[in-house]
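Encoded as structure tokens, the structure appears first; notes follow it.
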Amino acid sequence: MTQRRMFLSGAALLGAAGVSRAALAGLPEISSDPGPVTAAPLAPSAGRPYRPVVTLNGWSLPFRMNRGVKEFHLVAEAVQREIAPGMSASLWGYNGSSPGPTIEVVEGDRLRIFVTNRLPEATALHWHGQRLPNGMDGVAGLTQPAIAPGKTFVYEFEARRPGCFMYHPHADEMVQMAMGMMGLWITHPKQPARTPGYAEVDRDFCFLLNAFDIEPGAAVPKVNTMLDFNLWCWNSRAFPGIDPLVVRRGDRVRIRIGNLTMTNHPIHLHGHEFTVTGTDGGSTPPASRWPEVTTDIAVGQMRAIEFIADAPGDWALHCHKSHHTMNAMGHSVPTMIGVDQKPVLARIRQLVPDYMAMGEQGMAEMAEMEMPLPENTLPMMTGSGPYGGVAMGGMFSVLKVRDGLARDDYKDPGWYQPPPGSVAREWTGAAAPALRQPAAAGGADATASPGTAPAWRARKPDAGHHGH
Ligand SMILES: [Cu+2]
């Protein structure tokens, strides 16, 4: 009875929107990318109710109801995606964006998904993690013929299991995923209160981990790269292009993260403990959960983490592989820490006037250098905070916990204003004890006077190891 009433109200809404019977016989209208901003959550226009998710730097695909069936239209096509201000990539995606729009449905929904191929090669769409008839699984050649360029295919199945899922091509996968073809899929439970292990939350974020290898100055990813990617992204954005996750203090927060890169990513949250409450296999049994501050997300996996955001502040949320919080860099640059380059610098500058000696004291100085970059390239590490350079890139964002936000307010509140006296500060008392030399052969520490250089020893780079 309830269901019937909801379908009727859905039909009434559609009537108001002026969708005629003739229009319903044709393909659903194509919705297109609103840009690389985090779109406001898309409240359902019809069908069963649910609390929508927030796709970081992304959006959810509108649908229409057609005689009780929820219909979506995905268009596989070439897209232009700004990775961060200053760099744009030529990718493949869906409906104008990479990743494609998030699809949100409710457990028990009958679905019809139209997939139009506007790529120069065949594709197919796989619904990662779903229970569905074998012929709807989207593996080209195995469960269906590939969708040729210019053709539209129809997928029909019921959303049987609530949880977080992904969609991606299962045709020329290496190329199509390296080009950015992927999207998120959320199946909301029909009866949230009666779904084991599931809790309603105040803020429900989602994003995909993806990676590209784009030569500095170029725009098209190198599709044959297996490990040495240079752009580590969330939803095809790299820091400082990734929006903050804005939450109200005390909110119960869920973050759903899927990994469609070629390596694992230990995702780390500062200032809070969370539990892993879901995988792409569904909600985890509550008795199986333990607190974490980092969770590793393997290739092809999804994880839903939950926590109470009870600590106000600007808390880093990032991949803990330090190379993944950087943008394009040269991995074959030798380590120069402790090497005095001054004697040779003047001689190099006679040949290359702009030459800069780098890395003697670490690489953070690179974040502040005003080096001319090739066009369409991001600095290796960048971004500034209220106290200076953040020196980050790639898979990094900020969880902003604030008092007194409105329920659906996701606007960036600016930088956190900490209570007076609660920020790490410079010690102004007596000077620190003198620098200590490494232990001598006899085992005793020699103490040097301040300013004396320690016994650094430069080591030649290992020529044989370039992957990581
Ligand atoms: Cu990572």
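The values are calculated or read from the model by the stated rules, or taken from the named source; none is laboratory data. Every value quoted in this text rests on a predicted model; they were computed, and no experiment measured them. Every residue, glycine among them, receives a Cβ derived from its backbone with ideal geometry; neighbour counts consider all protein chains shown. Please note that ligands, DNA and RNA were not included when accessible areas were found on the heavy atoms of the full protein model with its side chains. Shrake-Rupley method; radii C 1.70, N 1.55, O 1.52, S 1.80 Å.
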Here, strands (runs of 3 or more DSSP E) confined to region 271-312 with at least 3 residues that are closer than 11 Å to GLY258 by Cβ are 302-308
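Within region 390-407, take every residue that is assigned to a loop (DSSP other than H, G, I, E, B) and surrounded by 12 or more Cβ atoms within 10 Å (Cβ to Cβ) and give me the one that is farthest from the ligand (Cβ to nearest atom). Explain how you work it out, then say what you get.
Kept after step one, since they are assigned to a loop (DSSP other than H, G, I, E, B), are these residues of region 390-407: 393, 395, 403-407.
Narrowing further to those that are surrounded by 12 or more Cβ atoms within 10 Å (Cβ to Cβ): 393, 395, 405.
Details: GLY393: 12, MET395: 5, LEU405: 29 Å.
That would be LEU405.
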Might you let me know whether region 245-256 holds any residue that is within 16 Å of the ligand (Cβ to nearest atom) and under 19 Å from the mean Cα position of the chain (by Cα)? yes
In this structure, does GLY241 turn out to be within 14 Å of the ligand (Cβ to nearest atom) and on the phi < 0 side of the Ramachandran plot? no
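Quick one: count up the residues across region 156-183 that are over 21 Å from SER98 (Cα atoms) and either touching a strand residue (DSSP E or B) at 6+ places or on another chain (Cβ under 7 Å) or not charged (D, E, K, R) (or both). Steps first, answer last, please.
So the first thing to find is which residues in region 156-183 are over 21 Å from SER98 (Cα atoms), and the list is 156-163.
Among the residues that remain, those that are also either touching a strand residue (DSSP E or B) at 6+ places or on another chain (Cβ under 7 Å) or not charged (D, E, K, R) (or both) are: 156-159, 161-163.
Number satisfying all stated conditions: 7.
State which residue is nearest to ASN230 (Cα to Cα) when the search covers only region 69-84 and only residues that are of a type outside the set (A, V, I, L, M) and open to solvent by 20 Å² or more (accessible area, probe 1.4 Å).
GLU82
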Taking region 86-132 and keeping residues touching a Ser or Thr at 6+ places or on another chain (Cβ under 7 Å) and outside any strand (DSSP E or B) leaves ASN95, GLY96, SER98, PRO99, PRO101, GLU107
From the set of residues in region 261-292 that are open to solvent by less than 20 Å² (accessible area, probe 1.4 Å) and within 16 Å of the ligand (Cβ to nearest atom), which is nearest to GLU104 (Cα to Cα)? THR261
Can you name every residue in region 173-188 that is in a loop (DSSP other than H, G, I, E, B) and open to solvent by 10 Å² or more (accessible area, probe 1.4 Å)? MET179
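Here is a yes/no grid of residues against (1) of a type in the set (Lys, Arg); (2) out of contact with any helix residue (DSSP H, G or I) (no Cβ under 7 Å at 6 or more places or on another chain); (3) modelled with pLDDT of 95 or more:
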residue: GLU29; (1), (2), (3): no, yes, no
residue: VAL37; (1), (2), (3): no, yes, no
residue: TYR50; (1), (2), (3): no, yes, yes
residue: THR55; (1), (2), (3): no, yes, yes
residue: SER60; (1), (2), (3): no, yes, yes
residue: PHE63; (1), (2), (3): no, yes, yes
residue: ASN66; (1), (2), (3): no, no, yes
residue: LYS70; (1), (2), (3): yes, yes, yes
Can you spot a residue in region 369-385 that is at pLDDT 85 or above, open to solvent by less than 80 Å² (accessible area, probe 1.4 Å), assigned to a strand (DSSP E or B) and not β-branched (Val, Ile, Thr)? yes
